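The block underneath contains the structure these notes are about, expressed in structure tokens.
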Amino acid sequence: MARKPEGPLRRGWTTGACATAATAAAYTALLTGRFPDPVAITLPRGETPAFALALEGRGDGWARAGIIKDAGDDPDVTHGALVVSEVRRGAAGSGVTFKAGPGVGTVTLPGLPVPPGEPAINPVPRRMMTEAVARIAAEHGDPGDVVVEISIPDGERLAQKTWNPRLGIVGGLSVLGTTGVVVPFSCSAWIHSIHRGIDVARALGLPHVAGCTGSTSEAAVVARYGLPDTALLDMGDFAGGLLKYLKAHPIPRLTIGGGFGKLTKLAQGFLDLHSGRSEVDFDWLADRLAEAGAPAGMVEQARRANTAKQVLDLASGIALADLVARRAQATAQAVVEGSGVAVEILVFDRQGGLVGAADGW
């Protein structure tokens, strides 16, 4: 995991903002023969950043510009990627149409913000590019009928590090962003991916999905239920982001799988399971051992423990993980109450062995 820098964190720009700036530069060059550098755009909240061009090219009826994405201090897989827009003349009256160039994905499954068969360019970036073209067209008396092809060299490889393969987005990355701004360590991109995963699962009519804290628990859940990739939601630490969206967009069955430490934090009532934002309360675990009838010496050892695993190992012969699973289930069910979502909790050890469970159905 990327280390959080010391001091104030620097904001960055989304792929959608970069694609818009590249489109503005390319369209301007198509009309005038000159590339504005830097090129300024207007973001949805009124900000007007300027972007330096990293690539320029022009020919008969087309112009191309590229911008290096700067994600600021956010650990974004697309930081440093080149976002290229090639603008060509379109048919009269066609307005702005979009194509996926190399490294930009194509949607193949329902449930995403754009329909199957379309380039994976989300609605807000499309609107930003369309508005930029309209503004430039008005300035130069042009009808603004253009084809905008966005490409991201090496995007197909980078996309393997994202959720796109599970979401049915093939061939590359998505062009994303709702504000144009990347807020460092906001975790919004991860939560956005969880939400889109739920949307796809609902569109496919899946009755059962799983949110897991890591790859070991996910593999164990798949082995248990044989769930398809489209049913697997990379919950990570963001239990709240998963549960709150499911409450409004329900799926009948949810399995949450994870290690003992992470699910202890959920059992304590935390919805963000990241080590920097929640921690295991060893007094709480000791109280659960006492509740389960553990001897006083074991309870006191638990209070002085350094890790959750240490407590689990200590609790030999006591169903501590089952108790934690039931408490975690209560936390989760409280969030989705009234939605019809039934939540199951599965607690796994580091080898993927099941050590505790709370059945939700």
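In whole Hz, with x marking every Gly and Pro, tabulate ³J(HN,Hα) for the stretch 78-90 from phi via Karplus 6.51 cos²θ - 1.76 cosθ + 1.60, θ = phi - 60°.
With coefficients 6.51, -1.76 and 1.60, one gets 8, 4, x, 6, 8, 9, 10, 10, 10, 10, 10, 5, x Hz.
Collect residues whose amide H, placed 1.01 Å from N in the peptide plane, falls under 5 Å from the amide H of residue 175; neighbours closer than 5 in sequence don't count.
Residues meeting the criterion, in which the H sits 1.01 Å from N, are 121, 122.
Looking at this model, which pairs from 69/247; 99/244; 69/262; 69/265; 161/262 are more than 30 angstrom apart at the alpha-carbon?
On the way: 69/247 35 Å; 99/244 34 Å; 69/262 34 Å; 69/265 36 Å; 161/262 23 Å.
Going by Cα-Cα distance, 69/247; 99/244; 69/262; 69/265 fall outside the 30 Å limit.
Which one, 159, 91, 203, is farthest towards the positive end of the dipole of the chain when Lys and Arg carry +1 and Asp and Glu -1 on their Cβ?
Value computed over the given set: 91.
For the stretch 316-361, with the dipole built from +1 on Lys and Arg beta-carbon atoms and -1 on Asp and Glu ones, taken about the Cα centre, which of 341, 317, 361 lies farthest toward the positive end?
317
What part of the accessible area of the stretch 153-280, given as a whole %, is carbon or sulfur when the probe is 1.4 angstrom? Provide the component values of the computation, followed by the final result.
Values: 2780 of 4950 Å².
Of all accessible area on the stretch 153-280, carbon and sulfur atoms account for 56 percent.
With every protein chain kept in place and ligands, DNA and RNA left out, what is the accessible area per residue of the stretch 144-303? Probe 1.4 Å, answer in Å².
39
In nm, to one decimal, how far is the residue 354 label point from the residue 272 one, both placed 7 Å along Cα→Cβ?
About 3.3 nm separates the two model spin labels.
Starting from the 7 Å offset along Cα-to-Cβ, what nm value, one decimal, do you get for the label separation of residue 223 and residue 135?
Modelled inter-label distance: 5.5 nm.
Just to be sure I understand the model, the point goes 7 Å from the Cα along the line to the Cβ. What's the resulting residue 91 to residue 337 distance in nm?
In this crude spin-label approximation the distance works out to 5.6 nm.
Could you give the length gained on full extension between residue 361 and residue 202, defined as 0.36 nm per residue of separation minus the Cα-Cα distance, in nm?
Taking residue 361 through residue 202 to full extension adds about 55.3 nm, to one decimal.
In the neighborhood of residue 154, defined by Cβ-to-Cβ distances under 14 Å, what is the net charge if each Lys or Arg adds +1 and each Asp or Glu adds -1?
Working: positive: 69, 157, 161; negative: 156.
Charge balance near residue 154 sits at +2.
If you take every DSSP beta bridge whose two residues both sit in the chain, what share of them, in percent to the nearest 5, is antiparallel?
The antiparallel proportion sits near 60 percent.
Which value in deg cm²/dmol, rounded to the nearest 500, describes the helix-derived mean residue ellipticity at 222 nm for the chain, given -39,500 (n - 2.57) per DSSP H run of n ≥ 4 and division by the residue count? Please report the intermediate quantities before stating the final value.
On the way: 12 runs with 131 residues, N = 361.
Calculated at 222 nm, the ellipticity per residue is -11000 deg cm²/dmol.
Just the number, please: carbon plus sulfur as a percent of the accessible area of the stretch 26-122, 1.4 Å probe, no ligands or DNA/RNA counted. Please report the intermediate quantities before stating the final value.
Working: 2110 of 4300 Å².
That fraction is 49 percent.
Long-range amide H contacts for residue 72: which residues qualify at under 5 Å (H placed 1.01 Å from N, peptide plane, sequence gap of 5 or more or a different chain)?
For residue 72, whose amide H was placed from the backbone, the distant partners under 5 Å are 13.
Given a cut-off of 31 Å, what percent of all Cα-Cα pairs of the chain lie beyond it?
Values: 28986 of 64980 pairs.
The calculated P(r) of the chain puts 45 percent of pairs beyond 31 Å.
Per-residue HN-Hα couplings for the stretch 99-110, Karplus 6.51 cos²θ - 1.76 cosθ + 1.60 at θ = phi - 60°, whole Hz, x for Gly and Pro?
These are the phi-based 3J(HN,Hα) values: 10, 8, x, x, x, 10, x, 10, 6, 10, 10, x Hz.
Starting from the Cα-Cα distance between residue 322 and residue 292, subtract it from 0.36 nm times their residue separation and give me the gain in nm to one decimal. It would help to have the intermediate numbers written out before the result.
Values: separation 30, 0.36 × 30 = 10.80 nm, distance 1.03 nm.
Extending this stretch completely gives an extra 9.8 nm.
Which FRET efficiency value, to the nearest 0.05, do you get for residue 118 and residue 154 by plugging their Cβ-Cβ distance into 1/(1 + (r/R0)^6) with R0 = 30 Å?
0.85
With +1 on each Lys and Arg Cβ and -1 on each Asp and Glu Cβ, and nothing else charged, work out how big the dipole of the stretch 49-172 is about its Cα centre, in Debye to the nearest 20. Spell out each step's value before the answer.
Working: 12 positive and 15 negative charges, 58 e Å.
Once rounded to the nearest 20, the dipole reads 280 debye.
The values are calculated or read from the model by the stated rules, or taken from the named source; none is laboratory data. Note that the structure is predicted; figures quoted are calculated from it, not measured. We place every Cβ from the backbone using ideal geometry, glycine too, and count neighbours over all the protein chains shown. For the accessible areas, the whole protein counts, side chains as well, though only heavy atoms, and no ligand, DNA or RNA atoms are used. Shrake-Rupley method; radii C 1.70, N 1.55, O 1.52, S 1.80 Å.
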